[in-house]
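Enquirer: Let me begin by handing over the structure; questions about it come next.
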Amino acid sequence: MGIAGCAMHPAPTRPGTFTASGAEPDNPLIPADSTGNDGIDIIDNLFAGLVYVDADGEVVPEAAESLTSEDHRHWHVRIRAGQSFSDGTPLTAESFVRAWKTSAKQGLKAVYPYAVIEGANADGTGELNGLTVTGELTFDITLTEPIASFPDRLVQNAFYPLPEAAYLPDGTIDPDFGFHPIGNGPYQLAGEDAWIHNQSISLSASPRYTGPRKPRNKGFDLRFYTEADAAYNDLLADNVDVIDEIPATARSTFKDELEGRAVSRPVAQVVGIDIDAAQAPHFGYDAEGKLRRRAVSQAIDRELIAHRIYFDTVSAATDVLPPMIAGHGVTTPALSFDPEAARENWRRAEKISPFDGEISLMYAADGGSRDLVEALCHQISQTLGVKATPNPVPEFSAQMTAMRDHTIPTGFFRMSWSMGYPGADNILSGRFIPGGGGHYNSYDSTAYTEAVSLARASSGAEGVRAIGDAQAILLEDLPTIPLYYANVNGGWSRNVDNVRFTWNGNPAYWEVSLRNRG
């Protein structure tokens, strides 16, 4: 989660609640229309999907009683009986199917996960005629191809249900619903004025929720901060109870300062350098380009960056997938720091076609990446003898526009990918197959796409091997140069216990218990 709001907040006035750091959502809280982590974090607590990821990283049923398939393409869903939205509206199969179909038809911002459902377009829009309600609590899903890990995908916010109150008379989703959302999750808005824009949002435990995330508290307030330092200072003073971002100024000291109330461990987020072949003719996927990509990768000392810049609060990347994802563990010399091999690969590329340009590495100045990018450019320049310079843009939105429009000078840019669900295909397809939500590198390989398709259809040990085969192709072509796996670096106050962080770095709010408050 990002940080966005103020400093020195008073203790909460609602009995049995705690406070956490947050940020103003970038969109109204409509599940399939939200793409920013800050909004999704709130939505994940207001809504319950068919499945969820528990604090141990396992995908387990939530609203679903069962999800079954004999061929991994045709799935049958049965919803657990007796569930409702926070306004008392019963939760039915239609609550899911109508929400997905309407969101796809309206082309909301986060519908791309629907692309695997029959009748969908490559971007997730379309009719979704692969969805069929078969009973009050049952429906069928037909996919475009067999996907053994399909239940893992259902943790994404696009797959949440909606109540009748979400729709306008013409059948479309009411934009205003996102400012007063009614969900079926463990929490609900704490009253009409719960969301004070650019300041805070308050959630209360929902008495109607009957699922596995039953809160051990009465609710929480997300306080919006503009600076991570302000949130951390409030944490030290016990004026905020849970934060999930430690500022750079405290990375080397926070574990000691918080006296056992801190966490730093890898989450499902990979940070790297993407190279858009459409804008980097010497760095394409031909023989010359592959040599240059490998040279750049081997010129980078990942361990040194993790230690010197991040004080060991990130983990050096060894392959494309984070450590907690099945299929992680493919090794390659391409991701090892080897200056001599880097220079040799660069020399071999020069014999194919001389490079007389420079490398500029784009990054968003508001994302705290300046030290990283400056270090990367220094290492690349020193090792390869080529000019590499940082190319900051003021805001991440400007970088996103350049990524989408393929207008990045030299094609090099810092890329961070937070996984939407804990399955390898989220990265393998989402980042490196055209149409994926993070496909900005112009990579398009028939061999790779076929390998990913085989991995999708496989499960168990066979599936892990197939994921490894797909990764091997990626690590040969290097459309991305993985740098490190992000850690969740967080802490909690003396007022709370049982603070855990989930697979994607968000606090498991429902598990937090109160120590010094009622």
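Enquirer: Consider PHE396 carefully, then state whether it is open to solvent by less than 10 Å² (accessible area, probe 1.4 Å) and under 24 Å from ALA306 (Cβ atoms).
Expert: Considered against the rule, which asks whether it is open to solvent by less than 10 Å² (accessible area, probe 1.4 Å) and under 24 Å from ALA306 (Cβ atoms), PHE396 comes out as no.
Enquirer: Say we look at region 322-343 and pick out the residues that are modelled with pLDDT of 95 or more and closer than 29 Å to GLU245 by Cα; which of these is least open to solvent (accessible area, probe 1.4 Å)?
Expert: The extreme case among them is LEU335.
Enquirer: Here's another thing I want to ask about it. Quick test of your reading of the structure: LEU162 fulfils all but one of (1) in a loop (DSSP other than H, G, I, E, B); (2) open to solvent by 20 Å² or more (accessible area, probe 1.4 Å); (3) touching a residue at least 60 places away in the same chain (Cβ under 8 Å). Name the failing condition by number.
Expert: Failed condition: (2).
Here is a yes/no grid of residues against (1) acidic (Asp, Glu); (2) buried (at least 16 other Cβ atoms within 10 Å of the Cβ); (3) under 30 Å from SER369 (Cβ atoms):
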site: PRO215; (1), (2), (3): no, yes, no
site: GLU227; (1), (2), (3): yes, no, yes
site: ALA250; (1), (2), (3): no, yes, yes
site: PHE254; (1), (2), (3): no, yes, yes
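Enquirer: Taking region 113-159 on its own, how many of its residues are aliphatic (A, V, I, L, M), farther than 26 Å from GLY39 by Cβ, open to solvent by less than 30 Å² (accessible area, probe 1.4 Å) and at pLDDT 95 or above?
Expert: Number of matching residues: 1.
Enquirer: I'd like to verify a number: residues in region 92-112 that are open to solvent by less than 30 Å² (accessible area, probe 1.4 Å) and not in a loop (DSSP other than H, G, I, E, B), how many?
Expert: Result for region 92-112: 9.
Enquirer: Hey, another quick one. Give the residues of region 280-319 that are in contact with a helix residue (DSSP H, G or I) (Cβ under 7 Å, 6 or more places away or on another chain), modelled with pLDDT of 95 or more and of a type in the set (D, E, K, R), sorted by residue number.
Expert: Scanning region 280-319 gives GLU288, LYS290, ARG292, ARG293, ARG294, ASP301.
Enquirer: If I ask for residues that are part of a loop (DSSP other than H, G, I, E, B), of a type outside the set (A, V, I, L, M), within 25 Å of the chain's Cα centre (by Cα) and surrounded by fewer than 22 Cβ atoms within 10 Å (Cβ to Cβ), which ones from region 171-208 would you list?
Expert: Result: HIS180, HIS197, ASN198, GLN199.
Enquirer: Please specify each residue of region 344-366 satisfying the condition of being surrounded by fewer than 17 Cβ atoms within 10 Å (Cβ to Cβ), in a helix (DSSP H, G or I) and not aliphatic (A, V, I, L, M).
Expert: If the condition is that a residue be surrounded by fewer than 17 Cβ atoms within 10 Å (Cβ to Cβ), in a helix (DSSP H, G or I) and not aliphatic (A, V, I, L, M), then GLU344, ARG347, ARG348, GLU350, LYS351, ASP366 are the ones that fit.
Enquirer: Right, something else. Can you run down the residue pairs with Cβ atoms below 9 Å, 6 or more apart or on separate chains, where the first is in region 404-428 and closer than 20 Å to ALA365 by Cβ and assigned to a helix (DSSP H, G or I) and the partner is among the aliphatic types (A, V, I, L, M) and modelled with pLDDT under 95?
Expert: From residues that are closer than 20 Å to ALA365 by Cβ and assigned to a helix (DSSP H, G or I), the pairs are PRO409/ALA402; THR410/ALA280; GLY411/ALA277; GLY411/ALA278; GLY411/ALA280.
Enquirer: Give all pairs with beta carbons closer than 6 Å in which a residue from region 323-342 that is polar (S, T, N, Q) meets a residue that is crowded, with 18+ Cβ neighbours inside 10 Å; count only pairs at least 6 apart in sequence or on separate chains.
Expert: Matching pairs, first to second residue: THR332/LEU475.
Enquirer: Exactly one of (1) over 27 Å from TRP346 (Cα atoms); (2) in contact with a strand residue (DSSP E or B) (Cβ under 6 Å, 6 or more places away or on another chain); (3) crowded, with 20+ Cβ neighbours inside 10 Å is unmet by PHE412. Its number?
Expert: Every listed condition holds for PHE412 apart from (1).
The values are calculated or read from the model by the stated rules, or taken from the named source; none is laboratory data. These numbers come from a predicted model, not from an experiment. Neighbour counts are summed over all protein chains in view; Cβ atoms, including those assigned to glycine, are modelled from backbone coordinates with ideal geometry. Areas reflect the complete protein model, heavy atoms only, side chains present, ligands, DNA and RNA absent. Shrake-Rupley method; radii C 1.70, N 1.55, O 1.52, S 1.80 Å.
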